[in-house]
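Read the figures in this text as sums done on the coordinates, not as results from a lab. Since the model is a prediction, treat every value here as computed from it, not as a measurement. Here the Cβ positions follow ideal geometry from the backbone for every residue, glycine too, while neighbour counts run over all protein chains shown.
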Amino acid sequence: TFTSGRQRLGVVRASLGLWKSDPVLGVGPGNFRLRFPPHRDPAEARLGNPNAEVEAPHSDLLLALTEGGVVGAVLLILFGLVAAARCAVYLPQAESPLEYARLSGVAGFLAAFAVEGLFSHPLAHPGSAALLWPALGILEHVGQDRAKFRKGDFHETRLAVVLAAGIATGFLGWHLAE
């Protein structure tokens, strides 16, 4: 509805205000709901229940930006790009219709998950986030046996460095937010 859209836009604007309070590292993992209330627009709150707590900004990317800063948002984008690149490498090399179907199904799931993350926050919900990890595991299990990487392609070592940097950033952001 129109009211719901106005409410979402109000939450997005207030979330950007929260992000501006600590743009590089964000307010720390899990701190959105604690740090959001001072930034909440009273007009937006009146559209719904003014006493209701806003748990997340209706977007995984915006949640990564507010809680992890630019660093967290960039890491989330890189994570998505790596998954998309893996799909792009593995799909053309599928050797059977069944393998192609499995990879296509996983690629479709990952694309749908990414689109949902633009308008909701599935990574913030353990139930939906738990579906992501097996999908990535299936992608690697089915695709990696057949993949022929060119020299200079993205390898596991680079992925490990990016993920380690993300984890370190998360802990640093959490520590600084305390």
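Some values worked out for this structure:
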{"quantity": "For Gly26, distant residues with modelled amide H under 5 Å away", "calculated": "Gly69, Val70"}
{"quantity": "Cα gyration tensor, segment 40-96 - rounded (a/c under 1.5), prolate or oblate", "calculated": "prolate"}
{"quantity": "Potential extension, Glu55-His141 segment - 0.36 nm per residue separation minus Cα distance", "calculated": "27.5 nm"}
{"quantity": "Within-10-Å neighbourhood charge of Val54 [Cβ basis; K, R +1; D, E -1]", "calculated": "-1"}
{"quantity": "Summed residue charge, Cβ within 13 Å of Gln7's Cβ, Lys/Arg positive, Asp/Glu negative", "calculated": "+3"}
{"quantity": "Cα-projected label distance for Ala43 with Ala129, points at 7 Å along beta-carbon direction, nm", "calculated": "3.3 nm"}
{"quantity": "Arg8 paired with Ala85, simple spin-label distance in nm, labels 7 Å along Cα-to-beta-carbon", "calculated": "3.1 nm"}
{"quantity": "Cubic angstrom per residue, convex hull over Cα atoms of segment 1-140", "calculated": "113 Å³"}
